[in-house]
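As structure tokens, the structure follows; a few thoughts come after it.
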């Protein structure tokens, strides 16, 4: 099976109609006619992930996040064009040396039923939808303290350390889930306020997002970008295995590139 045929299966699982306008989706790198020897499903194609995939002979990389870092000018520091960024060069070298292709499912998998949004909620054990839209939702939960909910989120998403803001003894019953990078913008706090939430469980948050939540009297539990979206990518790998009977499919965890000290 060639790469473009696997891409068609990927886009059948997560249709482009669910993608936000302008969000790069589908095959982004490599020869569409490449004969696929295996599929690596990951949150983001780091050098470590790509090396692991290459060793296992997985030459079709399905990623949720961008494969390369884009160029942006800055008044604060020097930047270089996308093709000259050291991280991009290192990734392309592995891809080219091993005849690999990269396919992306991002917002189209976030909003697809059973995708990243739903998989994160399922991992957390939330099933009673109280409010929400196409890309995020608020859930009703049995009364528990913020500390208890934080411990639950930490264990459910497999995060070694989390950040929590708010009174740990506060009783919460309504949780807005802003997985991934939805709180990389403080505007996301508005979603929780409009939904009448007591607390947000998010992936990755700005300092400003924490302060906006605290000042709005909404508690905040930050897990991590990668761990909050991994359940969705594990689910994609499971679905692909059911459709690619003769091609190996493996989920590779991009992990956290830091340690806590």
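Some notes on this structure:
- Of 199, 101, the sequence from fewest to most neighbouring Cβ atoms within 10 angstrom is 101, 199.
- Directionally averaged projected area (the stretch 53-157, Cα convex hull): 10.7 nm².
- Largest GNM mean-square fluctuation among 173, 112, 138, using the chain with Cα springs under 10 Å: 173.
- Only one item in (i) 54; (ii) 49; (iii) 61 matches percent of Cα pairs over 23 Å apart derived from the coordinates shown, and that item is (i).
- Sequence-separation-based contact order of the stretch 82-229, relative, with Cα cut under 8 Å and 6+ spacing, percent: 20 percent
- Antiparallel bridges, percent of DSSP beta bridges restricted to the chain (to nearest 5): 45 percent
- Stokes-Einstein D in µm²/s, Kirkwood radius over Cα pairs - the stretch 113-225 at 37 °C with 0.692 mPa s viscosity: 245 µm²/s
- Averaging Cα coordinates gives a centre for the stretch 92-115 and one for the stretch 23-52; these two points are 5 Å apart.
- Put simply, the C-alpha atoms of the stretch 203-261 give a gyration tensor, and the ellipsoid matching it has half-axes of 35, 14, 6 Å, longest first.
- In the elastic network of the chain, a GNM with C-alpha springs shorter than 10 Å, the most mobile of 214, 41, 175 is 214.
- Average Cα contact separation per residue, the stretch 3-108, under 8 Å, 6 or more apart, as relative contact order %: 40 percent
- Cβ-to-Cβ counts within 10 Å put 139, 71 in ascending order as 71, 139, the fewest first.
- Percentage relative contact order, the chain, counting C-alpha pairs under 8 Å, at least six apart: 21 percent
- The angle separating the long axis of helix 86-97 from the principal Cα axis of greatest extent in the chain is about 40 degrees.
- Of all DSSP bridge pairs formed entirely within the stretch 113-225, close to 55 percent run antiparallel.
- Between the Cα long axis of helix 146-157 and the first principal axis of the chain there is an angle of about 10°, rounded to the nearest 10.
- Its DSSP H runs of at least 4 residues, each contributing -39,500 (n - 2.57), put the calculated 222 nm mean residue ellipticity of the chain at -10500 deg cm²/dmol, to the nearest 500.
Quick note: the coordinates plus some simple rules give every number you see, no bench work behind them. On a predicted model such as this, the values are computed, not experimentally measured, just so you know. Backbone-built Cβ (ideal geometry, glycine too); neighbour counts: all protein chains shown.
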